[in-house]
Amino acid sequence: MNTIRLHSKQRGAIVPIVVIGLLAMLAVAGLAMDGSHALANKTRAQNTVDASALAAAKVLDDTDGDTALATAAANSLFSINADAAGNHELNSAYDAGDITVTVQYSATLNPFVPGSFVPGTTSWFVRVIATGFDTETTLTKVLGVNEIATPATAVAGPSGPIGVGGGATVCDIAPIAVCEDDVPGTVDTEALRVLKPNPGVHGDVGPGNYKMLRLDCSGGDCLRRNLAGDYDQCVEVGNDEVPVPPVETEPGVSSGPTSQGFNTRFNVYQGGGMNSTDYPPDYYVSEQDTGPNSEYLRACEDPNDPLAEHIFLTSNQGSQYCKDFGENPGFDPTNSATWGGEWSADHVTQANEINYDYADYGGAAPGGPDDPGSDPRELGRRILNFPVVDCAGDQNGQSTLEVSGFACFFMLQSLEGGQSAGAGHIFGQYIGDCLVNGNAGTNPGGGPSGPLLYKIQLYRNPDSKDS
């Protein structure tokens, strides 16, 4: 009998051991399951704040520092992404008001000092912080853990200069060479330039060349497609050990392919296989002919220097506009007062003298007269990145040109069909720096002085691991 009672006491001691073991198993399983759930929600929240920070940074860049519009863009993108498929928990918490989205602006990345950003300056960073998003637990409740905090933060801003440092790359290159003399020594963002000379004029590069380039292929069809934006390869640049590869010229006028490819950026399609699906127009396509007198940009060759051309804004669309330019006695190409009344009055050198420039483009609004009003559209199609070359003027026919850098210009007007009325000229406004694709430097705002190419990118938040 005593033996039987002893065994009964042993059987009773097993019950709490089993219970403790089950609780431990539930806790381990709960930690695994709820941890994975929280990690998934953290990823969803992080993707959402990443998109919000990039949106705010892009708007801040486009508006020269309008933090109100940038904050509105961040909040709008957060709401849109929270409402995406698979984000139901994030969206429910956001709609319930549990999530607080904070947008901050700093002049420096590290340290990030909220409120230190000064609109109009070139050094700035955006931080988006989302707090209050908690993941409810299931099995982990046995440990007294009812929810797991899943905050997220992201920082975005301009990259270091594209193409600075060994192994860096530059993409989005347009097939037109820009002469070194056409790039202002200082960041003069009002300077107007003739980027492609008129047919019949020997360009700066030399006879038979009109600054057109071969990028990975040759011929008129290649030029047409690359002017429309087909060329998507990158060139590796950096230091003396990694020089910029030279470029090959595409000699000849090629007027049809040139206008067909280039004009897609202005929502003008003239055949040659160009269409808005493959080559969408810019979001804003207004140009000089929207002025009160339907004025256009024209360029006349300097009779004393065939490689120099002067730019005019005129309603005279005739092909003979430049016929007698410089013929009057006392003509001095450096003194516009000696040019005669018509040319002197029409002469322009700065973007603020014309009807539609980069400032107007930057201030355009969706649905306005600038907007082609149909999709697909792509913002920035009128901003092109060109190789800068030494235009010695001694090349003859197809040639190789050394590249010294890159420069960005805003395209001012489309090309007219045919060769009349200056149809061969491409006019650009120098804008100093622009967004391009490529491999950036690691020092934001660093690199050489002068015009830089950059892109908007994400950075690690120096004050938090939640980025």
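The numbers here are math on the coordinates, done by the rules we state, and not lab data. Keep in mind the model is a prediction, meaning the values are calculated, not measured. Cβ: placed from backbone, ideal geometry, glycine included. Neighbour counts: every protein chain shown.
If we count every other residue with Cβ under 14 angstrom of G229's Cβ, Lys/Arg +1 and Asp/Glu -1, where does the sum land?
Combined, the nearby Lys, Arg, Asp and Glu give -1.
Could you work out how far apart the two model spin labels at N75 and E136 are, taking each label as a point 7 Å from the Cα in the direction of the beta carbon, and quote it in nm?
With each label point 7 Å from Cα toward Cβ, the separation is 2.8 nm.
Taking 7 Å along the Cα-to-C-beta vector as the label spot, tell me the E180-N352 distance in nanometres, rounded to one decimal.
Those two pseudo-labels are separated by 3.0 nm.
Given a Förster radius of 51 Å and the C-beta distance between T108 and N316 as r, what FRET efficiency does 1/(1 + (r/R0)^6) yield to the nearest 0.05?
Efficiency computed from Cβ-Cβ geometry: 0.45.
Can you list residues from other chains, or at least 5 along the same chain, whose modelled amide H is less than 5 Å from the amide H of Q457?
Amide H neighbours of Q457: G157, S159.
Convert each backbone phi in the range 71-82 into a coupling constant with the Karplus relation 6.51 cos²θ - 1.76 cosθ + 1.60 (shift: θ = phi - 60°), then list the ³J(HN,Hα) values in order as whole Hz, x for Gly and Pro.
Taking θ as phi minus 60°, the curve returns 5, 4, 5, 4, 5, 5, 5, 4, 5, 4, 6, 5 Hz for the range 71-82.
Determine ³J(HN,Hα), in whole Hz, for all residues of the range 39-56 in sequence, where each value follows from phi through the Karplus function 6.51 cos²θ - 1.76 cosθ + 1.60 and θ = phi - 60°; x replaces Gly and Pro.
5, 5, 5, 4, 5, 5, 5, 5, 4, 5, 6, 4, 5, 5, 5, 5, 4, 4
Measure off 7 Å from each Cα along the Cα-to-Cβ vector at V253 and D98, then give the distance between these two points in nanometres to one decimal.
A separation of 7.0 nm, rounded to one decimal place.
Apply the Karplus curve 6.51 cos²θ - 1.76 cosθ + 1.60, θ = phi - 60°, to the phi angles in the range 396-412 and return the couplings in whole Hz, x for Gly and Pro.
9, x, 5, 9, 10, 10, 7, 9, 9, x, 9, 9, 10, 9, 9, 7, 8
For an R0 of 45 angstrom, estimate the FRET efficiency from the Cβ-Cβ distance between S116 and F331 and round to the nearest 0.05.
The formula returns an efficiency of 0.25 here.
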